[in-house]
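Have a look at the structure below before the remarks.
The values are calculated or read from the model by the stated rules, or taken from the named source; none is laboratory data. Not measured: the values here are computed from a predicted model. Reconstructed Cβ throughout: ideal geometry from the backbone, glycine too, with neighbour counts over all protein chains shown.
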Amino acid sequence: MSFGAPHRHFARTDSTNTRARELAAAGAPAGTVVTAAEQTAGRGRQGRVWTAPAGKALLYSAIVRPLDERHLMLPLAVPLAVCAAAEELRPGIECGVKWPNDVLVESRKLAGVLIEARPQDGWAVVGVGLNLTVSPEEFPPDLRTRAVSIFDPGLGDRGKSRRSLPAVAQTGLLPIPFAAASVLSSHLAQWVEADQETVLDAWRQRDALRGREVAWEGGSGVADGIDDRGYLLVLTPGGDRVALGAGEVHLSRA
Ligand code: BTN
């Protein structure tokens, strides 16, 4: 499956996921991409809002259809695609994944993923919000120390010169969000088709939560990787190993 044709871009819309869902319901083809410079009602996971200053984040939604067995891994595969895209856009950074589907760099959130699936209709919308040029003071105060942008001058290149331009700055006439959309589309094409073992292996290599204290509505413990379904494994203080599904739990910082 390739992504980006057709591509609908909005200067301003409520939510690219909402636009893409409408298009999917109306029969738009697999790989249709919707982007926006600005969202007025961007959605995050678990009912949260997602905000970004106009033109400073990649706001991207794509239609995946038809769904089959491999797509059970979509919640893990999409953050992996975002990691690969981010590392191509900004050589020198190393991305990690934080279960269930955040992308981190240097322990700060670079991107979030919101997947809205309609298995009964055979499609899913994959939504990605990737901070590109949002400066620290433009993040909401509660996120300021926990969020980061890919083109933050202080990121990456540890021990190396910071003089080289990010790859995306060399892509000619494309404005940064369009270049970023095209890089993400090419990595998504690879990752949505990846088999389960490839996805699980890659996730385990990038797992930024492993060994960290986590808490959820039902308890707390230490994150211990993921099982073969993509559930989070947690070692509890009592010595149990529990598996948590993304739909059931909401992690908080322990
Ligand atoms: C999260 O971290 O909670 C997920 C955030 C997902 C935000 C993106 S921005 C593009 C797409 N449209 C939306 O309304 N949400 C997703």
Anything in segment 46-91 that is at positive phi and near the ligand (Cβ under 10 Å from one of its atoms)? List them, or say none. Q46, G47
Enumeration of residues in segment 55-71 that are among the small types (G, A, S) and at pLDDT below 95: G55
Inspect segment 28-50 for any residue being out of contact with any strand residue (DSSP E or B) (no Cβ under 8 Å at 6 or more places or on another chain) and modelled with pLDDT of 95 or more and give the result as yes or no. no
Subset of segment 58-78 (residues that are of a type in the set (A, V, I, L, M) and more than 12 Å from V126 (Cα to Cα)): L58, L67, L72, M73
Here is a list: R108, R118. Which entry is over 24 Å from D224 (Cα atoms) and either among the basic types (K, R) or touching a Cys at 6+ places or on another chain (Cβ under 7 Å) (or both)? R118
Please tell me if S2 is more than 16 Å from the ligand (Cβ to nearest atom), under 27 Å from A202 (Cα atoms) and among the polar types (S, T, N, Q). yes
The number of residues in segment 21-45 that are aliphatic (A, V, I, L, M), within 8 Å of the ligand (Cβ to nearest atom) and crowded, with 20+ Cβ neighbours inside 10 Å is 1
Restricting segment 118-133 to residues that are within 14 Å of the ligand (Cβ to nearest atom) and out of contact with any helix residue (DSSP H, G or I) (no Cβ under 7 Å at 6 or more places or on another chain), the one nearest to G55 (Cα to Cα) turns out to be N131
